[in-house]
Amino acid sequence: MMTTKEISPNITNPVKATEAIESFDKAIAWAEDNTTEYTGILALRSLREIAVQKSISVPKKQTSIREFFQ
């Protein structure tokens, strides 16, 4: 089995949790439309939940003092 570095060694931008969530939403919708295996859909939902937890746990960065008062 090939590793991620062997497949694309020049990737420098990590995937954001919000992007992963959007991708999992699309994958779940596709799986529900095209497959009858519920275990695969459950696996996708489990991975999506992990991405949601990562998104929640990442501290948000305040970029401007004006944003604090809005």
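Scanning region 10-25 for residues being surrounded by 11 or more Cβ atoms within 10 Å (Cβ to Cβ) and either among the hydroxyl-bearing types (S, T, Y) or part of a helix (DSSP H, G or I) (or both) gives a total of 9.
Filtered by the rule that a residue be outside any loop (DSSP other than H, G, I, E, B) and either within 13 Å of E19 (Cα to Cα) or not hydrophobic (A, V, I, L, M, F, W, C) (or both), region 51-67 gives A51, V52, Q53, K54, S55, S57, R66, E67.
Just so you know, all these numbers are worked out from the coordinates, no wet-lab data involved. It should be emphasised that the depicted structure is a prediction, and the values quoted were computed from it without experimental measurement. Glycine gets a Cβ as well: all are built from the backbone with ideal geometry, and neighbour counts include every protein chain shown.
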